[in-house]
Amino acid sequence: MNEQQNQNPVVQQQSLTYFGPLPPSKEFSGYEEALPGAADRILALAEQEAEHRRKNEEKIVQHSIKKSSLGQIFAFILALVSLGLILFSILRGEPLGTIVPAIIALSSLIAVFAKSKQN
């Protein structure tokens with residue numbers, strides 16, 4: 001009886017964590033043993049998830065390209081209009097009228113170049 005009192009029960013707990021769409025190979029084969037066909041379903045699910053992620057990333061890239069191109073076009077048009085106003089003011093003999101269009105033209109061109117450097 002004295003020996004039984006000195007023995008302490010040992011409790012062991014194990015935790016397994018993995019990242020990614022597929023479980024480790026040991027567990028993967030366990031799924032197949034527990035439920036035939038489960039491995040194929042897990043692989044199909046991982047393939048669908050990867051395809052979905054690629055399509056979404058492609059849409060994001062395309063949207064980003066369209067958005068930046070549109071901004072560059074508007075900035076270019078604004079710069080051309082401003083330069084036209086500068087030329088018109090100079091030809092009319094009103095050099096003070098060129099200040100505001102010159103600031104607009106320069107700021108829009110600077111914005112376009114700054115934005116393209118960021119991308």
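Computed from the coordinates by the stated procedures, all read-outs in this text should not be read as laboratory data. For clarity, every value in this text was computed on a predicted model and none was experimentally measured. Note that each Cβ is placed from the backbone with ideal geometry, even for glycine, and that neighbours are counted across all protein chains shown.
A run of the chain free of exposed loop cleavage sites, with chymotrypsin sites (Phe, Trp or Tyr not before Pro) counted only in DSSP states other than H, G, I, E and B and at most 13 other beta carbons within 10 Å, reaches its longest extent at 20-119. Packing, taken as the mean count of other beta carbons within 10 Å per residue, orders the peptides 77-83, 49-55 from highest to lowest as 77-83, 49-55. With the biggest extent put first, the Cα atoms of the chain measure 115, 43, 14 Å across the principal axes.
Computed on the chain, with alpha-carbon pairs under 8 angstrom and 6+ residues apart, the relative contact order is 17 percent. In the elastic network of the chain, a GNM with C-alpha springs shorter than 10 Å, the most mobile of Gln13, Gln62, Gln48 is Gln13.
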